[in-house]
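Got a structure here, written out as structure tokens. Questions coming.
Taken together, the values in this text are just the output of simple stated rules run on the coordinates, not laboratory data. What you are looking at is a predicted structure, and each value in this text was computed from that prediction instead of being measured. Note that each Cβ is placed from the backbone with ideal geometry, even for glycine, and that neighbours are counted across all protein chains shown.
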Amino acid sequence: MSETPVEKPKKRKRVNVRRPEVMTLVQEEVEKHYHSPVVQKLRDAGGSLTIGQTTIRLAEQFGFCYGVERAIDLAYASRRVFPDQRIFLIGEIIHNPEVNRQLADMNIVSLPWKEISEDYDDLTADDVVIVPAFGAPTSFTEKIEQQGCHIIDTTCGDVMKVWRRVRTYAKGGVTSLIHGKRGHEETRATASRALGDDKKGHYLVVLTLEETDYVCNFIRNGGNKEEFLAKFDRACSPGFDPEIHLKEIGVANQTTMLKSETMEIQNRVKKAITDRDGNDENFQMFDTICGATQERQDALFDMLNKPMDVLLVVGGYNSSNTTHLVEIGNEHLPTYFIREASCLESLETVIHFDIEQHEEISAPNVLAGFDDSPATIGITAGASCPANLIEETIVRVLGLRGISREDIESV
Ligand code: SF4
């Protein structure tokens, strides 16, 4: 009897693109694209600048984090190391349209990230594929390995820390309860690792406190299994059975969630398990909010201790950590979530992203009410926002108040 030969995956080709001669050029290029002298000026001045009746305040921590800087450096370096080869990227390198546009200009082509399409079948061993900062599901990385591509993995170390944790849960037969957005690249990548090396592990993704309470109620009292599975459609592992797989739970989270909410979710699940079992032996948790996200949230809370009239949060609308900065701002003062400076259309109108309605809307600009009086404008940005976009925002908002770029530079 003849046996069908099993196709062995081709060996993954790791390439070191961080060569000193390459990185010197890359850093010059990145600096040219994203550096901002105005932001630097504000930083040097302690984060605050007053011209006439207008004060701009910058959060102490904002914009590019170490993981994003590294991912961008590696993507730029890839083009230098492989000047003539096809370079692809799984989805977006980070959630910022300006950065993704720069990569597209270097002919780095984005591949679909929701499904493995036939584009992946066309990849050859000569092609280079970049894995973005938030990682990719194992099915994607296995596919590009199988195609034999050169792989430039820019996955942030903080994301990999979460993967190690959920793999450990899987090894011990513990279900990973992941606080995150079920469709977010990072959460999908983490969920795939929660299946464990044998792919038999389980996970459940929850986003809101309402979803958490539903799960807690099932833990305490059981419930309708079909309804549960319909509610968490595409948010749980294949074969997930709430009557079996909620017995032992380990919590992990997308690195960019709101810390207070993640802690609340952990507390509620722990309490539900304790109520059911009489102890918390079947509960584990691990805080996986990354340092950069935490610092940006803390810096905003700090900034909110002093009065401000309006807050501008700059960043890509699909950026999770930026959205949470907006949530924090919304609780304290008028806050606009803008993609770029041109969203500040006039002193009367702002185009911004409404995180409740999930769409870009046109809103009255509260600065109109400060026409002839002092105004303090706070500005912050998520971990994926380059400094040049923040500079353009500062220049634009001051421009609406009659202050020119020359005025700013001469201060
Ligand atoms: S936001 Fe955090 S996890 Fe994401 S790239 Fe930056 S440091 Fe890494």
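Once you sort the root eigenvalues of the Cα gyration tensor of the range 158-285 as a ≥ b ≥ c, which label holds: rounded (a/c under 1.5), prolate (a/b larger than b/c) or oblate (the other case)? Let's see the in-between values first.
Numbers: a/c = 1.31, a/b = 1.24, b/c = 1.05.
Since a/c stays below 1.5, the shape of the range 158-285 is classed as rounded.
Please compute the net charge surrounding GLY291, taking Lys and Arg as +1 and Asp and Glu as -1 over other residues with Cβ under 12 Å from its Cβ. Mind dumping the intermediate values first?
Details: positive: LYS161, LYS259, ARG296; negative: ASP158, ASP287, GLU295, ASP298.
Net charge around GLY291: -1.
Follow-up question, since we're still on this one. Rounded to the nearest 5, what % of DSSP beta bridges with both residues in the chain are antiparallel? Walk me through the intermediate numbers first.
Details: 11 of 50 bridges.
The antiparallel proportion sits near 20 percent.
Assigning unit charges at the beta carbon (Lys, Arg +1; Asp, Glu -1) and nothing else, what dipole magnitude in debye, to the nearest 20, does the range 227-299 show about its Cα centre?
With only Lys, Arg, Asp and Glu charged at Cβ, the dipole is about 160 debye.
Here's a follow-up. Expressed as a rounded percentage, what relative contact order does the range 67-155 have, with Cα pairs under 8 Å and six or more residues apart? Working shown, then result.
Details: 128 pairs, mean separation 30.7, N = 89.
Relative contact order here is 34 percent.
Here is a follow-up. Under the 0.36 nm per residue contour assumption, what length would be gained going from the current alpha-carbon distance of ASN217 and THR55 to full extension? Walk me through the numbers before you get to the answer.
Numbers: separation 162, 0.36 × 162 = 58.32 nm, distance 4.93 nm.
Gain on stretching ASN217 to THR55: 53.4 nm.
Further, regarding this structure: Projected onto the charge dipole of the chain (+1 at Lys/Arg Cβ, -1 at Asp/Glu Cβ, origin at the Cα centre), which of LEU300, ILE328, ASN279 gives the Cα projection farthest towards the positive end?
Result: ASN279.
Which entries in LYS171/LYS225; LYS171/LYS271; LYS181/LYS259; LYS161/LYS231 show an alpha-carbon gap greater than 19 Å? List each step's numbers first, then the result.
On the way: LYS171/LYS225 25 Å; LYS171/LYS271 24 Å; LYS181/LYS259 14 Å; LYS161/LYS231 29 Å.
Pairs exceeding the cut-off: LYS171/LYS225; LYS171/LYS271; LYS161/LYS231.
Loop only by DSSP, 10 or fewer other Cβ within 10 Å of the Cβ. Give me the GluC sites (Glu not before Pro) in the range 242-296 that pass, ordered by residue number.
Numbers: sites: GLU243, GLU248, GLU261, GLU264, GLU281, GLU295; in loops: GLU248, GLU281.
Sparse-neighbourhood loop GluC sites (Glu not before Pro): GLU281.
List the chymotrypsin sites (Phe, Trp or Tyr not before Pro) within the range 247-303 that DSSP assigns to loop and that have no more than 11 neighbouring Cβ atoms inside 10 Å. Display every interim value, and only then the final one.
Numbers: sites: PHE283, PHE286, PHE301; in loops: PHE286.
Qualifying residues, ordered by number: none.
In addition: R0 = 30 Å: FRET efficiency of ARG234 with VAL109, Cβ-based, nearest 0.05?
Numbers: r = 27 Å, r/R0 = 0.90.
Efficiency computed from Cβ-Cβ geometry: 0.65.
Additional query: Which percentage, to the nearest 5, of the DSSP beta bridges contained in the range 270-408 is antiparallel?
On the way: 6 of 15 bridges.
Of the beta bridges lying entirely in the range 270-408, close to 40 percent run antiparallel.
Consider a paramagnetic label point 7 Å from the Cα of ASP287 along Cα→Cβ; state which residues of the range 180-210 have an amide N under 19 Å from it.
180
Taking 51 Å as R0, compute the FRET efficiency from the Cβ-Cβ separation of ASN16 and ASP372 and round it to 0.05.
On the way: r = 59 Å, r/R0 = 1.16.
Taking R0 as 51 Å, the efficiency between ASN16 and ASP372 is 0.30.
Between SER346 and ASN267, with labels modelled 7 Å along Cα→Cβ, what's the label distance in nm to one decimal, could you check?
A separation of 4.7 nm, rounded to one decimal place.
Pop the C-beta distance of ASP84 and SER410 into the FRET formula with R0 = 51 Å and round what comes out to the nearest 0.05. Don't jump to the answer; show the numbers that get you there.
On the way: r = 46 Å, r/R0 = 0.91.
Calculated transfer efficiency: 0.65.
Another one. Mean residue ellipticity at 222 nm from the helices of the chain, using -39,500 (n - 2.57) per DSSP H segment of n ≥ 4 over the full residue count, to the nearest 500 deg cm²/dmol? Present the calculation step by step, with values, prior to reporting the outcome.
Details: 16 runs with 173 residues, N = 411.
The helix-only estimate for the chain comes to -12500 deg cm²/dmol at 222 nm.
With each pseudo-label sitting 7 Å past Cα toward Cβ, what's the GLU142-PHE301 distance in nm, one decimal?
Roughly 4.1 nm, to one decimal.
Ok, one more. Answer rounded, prolate or oblate for the chain, using the Cα gyration tensor with square roots of eigenvalues a ≥ b ≥ c: rounded when a/c is under 1.5, else prolate when a/b is larger than b/c, else oblate. Intermediate results must be reported in sequence, preceding the final value.
On the way: a/c = 2.40, a/b = 1.29, b/c = 1.86.
Taking the square roots of the gyration eigenvalues as a ≥ b ≥ c, the chain is oblate.
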